[in-house]
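Undergrad: Following this message is one structure expressed as structure tokens.
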Amino acid sequence: MADATDRYTAEQRALLALWAVPGLGPRALAGLRAFAGGDLARLAACPVKDWVGASPLSTVLRRRLAQVPELDLLSERVLERCATAGMGLAFQGDWAYPARLAEVDDAPPLLFYRGEVGPPRRRVAMVGSRHPDQGFLPFARTFARQVAEGGVGVVSGAAAGVDRACHWGAMDAGGETWAFLGSALDELDPAQAKLLPHFLARGGVFFSELPPGVRASTTTFPRRNRLISGASDAVLVLRAGVDSGSLYTAQAGRAQGRPVLALPGDVRNEGAAGCNGLIRDGNARACLSVQEVWRTVGVNPQRTVPPEEGFSWEQLTVEARGAYQVLDRVPRSFDEVLAHSRLPPAALLGALVELELSGLVIQHPGRLYEKV
């Protein structure tokens, strides 16, 4: 177990231990970090009983933490369970942590995942009802396949119905698909457990913010919806009634500043009333084609180079990594990038070519560069 523990800093181990305490969320963590002078590792350097009483936590959280002798012991237990279940850990700033999600105010400080996280790309959340009208699921699967064929990643929740159809559509195209779950990754329901091997075999990823051992509940599902939208560049609701849980994802997307699209349906179809309502109230744009999804997330399949098979961030040169950090999701001229980078012109040009060939950057006419 020492090897797994040594992989993480003292700060990360302390963060992991605190995140495993039920009810201790991002806000409570921010309070504890301030209490510790910005260094959570200081809390792990002494027994919990020595500081928990003076902490800014609620009485309930202080009582729960008081049952933990030392944070390091708790982090070791969590890491052991992760290793047993084959889970990886991604802290904010890590390659495996979705960069778009890190921009969200209440983003979790870490995620648990299974699968191989691929290179950056544009992604769309595709969600919908668990029980849509008859004949809609084949359409949803085909629509998702066509979206993925344009190089766009498909993000959803692995729930029965539309969500799962969209995952399968992305896999049909050999595209990327991510699932954010409302349970820990060692507490999958039978259908999710059956789906997981297909994800692992085809480059998909299961994510959860919940530590090992946490089962799904009526509170965890609405919370995970903000992760689906937060990790995406846009949200598309394909089918939803007025009480559909997918409307929570649309609501979260709007709060996060993500464009929200909805497929309109027959006004006589109660299963489409949620989508029609989003459009009527101005909370979503009507989506009538796959091309509208591509345009919304900023992808032109004719100009996009698909990422290389087996690509990893570590394969890039130092110059390419630095140039990528300077770029944005709006086109920037060569001179703008040069002004914000520390590279000479020739080195920057080579770095941009490398990024373009790797599928991480799109070059528009006029030497305008945009990160994928």
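The values are calculated or read from the model by the stated rules, or taken from the named source; none is laboratory data. This is a predicted model, so every value here is computed, not measured. So basically every Cβ, Gly included, is an ideal-geometry build from the backbone, and we count neighbours across all protein chains shown. Each accessible area value is taken on the protein alone, full model and side chains, heavy atoms only, with ligands, DNA and RNA left out. Shrake-Rupley method; radii C 1.70, N 1.55, O 1.52, S 1.80 Å.
Undergrad: Considering only DSSP beta bridges whose two residues both sit in the chain, what percent are antiparallel, to the nearest 5?
TA: Details: 14 of 33 bridges.
Percent antiparallel among DSSP bridges in the chain is about 40.
Undergrad: If you project the alpha carbons of segment 169-235 onto the principal axes, what extent comes out on each, in Å, largest first?
TA: 33, 28, 16
Undergrad: When Lys and Arg each count +1 and Asp and Glu each count -1, what net charge do the other residues less than 13 Å away from G86, Cβ to Cβ, add up to?
TA: Details: positive: R81, R114; negative: E80, E116, D186.
After counting each charged neighbour, the total is -1.
Undergrad: Next question. Size of the dipole of the chain about the Cα centre, Lys and Arg at +1 and Asp and Glu at -1 on the beta carbon, nothing else charged, in debye to 20?
TA: It works out to roughly 860 debye.
Undergrad: Sticking with this structure for a sec: Stretched out fully, how many nm does the piece from H198 to D94 gain, at 0.36 nm a residue minus the Cα gap?
TA: Difference between extended and current length: 35.0 nm.
Undergrad: Two decimals is fine: what is log10 I(q)/I(0) at q = 0.14, 0.18, 0.29 Å⁻¹ for segment 66-131, from a Debye sum with one equal scatterer on every Cα and no solvent?
TA: Result of the Debye calculation: -0.61, -0.87, -1.24.
Undergrad: Here's a follow-up. Which residue, T296, T142, T84, has the most motion in a Gaussian network model of the chain that connects Cα atoms within less than 10 Å?
TA: T84
Undergrad: Just need log10 I(q)/I(0) for segment 178-283 at q = 0.13, 0.17 Å⁻¹, Debye formula, equal scatterers on the alpha-carbon atoms, no solvent, rounded to two decimals.
TA: -0.54, -0.86
Undergrad: Which whole-number percent gives the relative contact order of segment 226-372, counting Cα pairs below 8 Å spaced six or more residues apart? It would help to have the intermediate numbers written out before the result.
TA: On the way: 214 pairs, mean separation 25.8, N = 147.
Relative contact order of segment 226-372: 18 percent.
Undergrad: Bin width 10 Å, alpha-carbon pairs only: give the P(r) of segment 1-92 as whole percents, running from 0 to the bin holding the largest distance.
TA: 16, 55, 26, 3
Undergrad: For segment 226-372, just run the numbers: alpha carbon Rg, then divide by 2.2 N^0.38 Å, N being how many residues it has.
TA: Relative to the 2.2 N^0.38 Å estimate, segment 226-372 comes out at 1.31.
Undergrad: Tell me, what % of the accessible area of the chain is carbon and sulfur with a 1.4 angstrom probe?
TA: After summing per-atom areas, the C and S share lands at 52 percent.
Undergrad: Checking a compactness column here: for segment 69-227, what do you get for Rg(Cα) / (2.2 N^0.38 Å), N being the number of residues?
TA: Numbers: Rg = 15.6 Å, N = 159, 2.2 N^0.38 = 15.1 Å.
Here the Cα radius of gyration is 1.03 times the empirical estimate.
Undergrad: While we're here: With a 10 Å cut-off between alpha carbons and a GNM built on the chain, which of W95, W51, W294 moves the most?
TA: W51
Undergrad: Then there is this: Could you work out, for segment 125-176, what percent of all Cα-Cα pairs fall into each 10 Å distance bin, beginning at 0 Å and stopping at the bin that holds the largest distance?
TA: 34, 55, 11
Undergrad: Report the calculated FRET efficiency for A191 and L73 (r = Cβ-Cβ distance, R0 = 56 Å), to the nearest 0.05.
TA: For R0 = 56 Å, the calculated efficiency reads 0.95.
Undergrad: Note the per residue figure in Å³ for the convex hull of the C-alpha positions in segment 222-266.
TA: Expressed per residue, the convex hull around the Cα atoms of segment 222-266 is 61 Å³.
Undergrad: Given a 1.4 Å probe, how much area per residue of the chain is accessible, in Å²? If you can, show how the numbers build up before the last one.
TA: Values: 16940 Å² over 372 residues.
About 46 Å² of surface per residue is accessible.
Undergrad: Write down Rg/Rh for segment 315-372, rounded to two decimals, with Rg from the C-alpha atoms and Rh from the Kirkwood relation over Cα pairs.
TA: Details: Rg = 9.8 Å, Rh = 10.8 Å.
Taking Rh as the inverse mean 1/r over Cα pairs, Rg/Rh reads 0.90.
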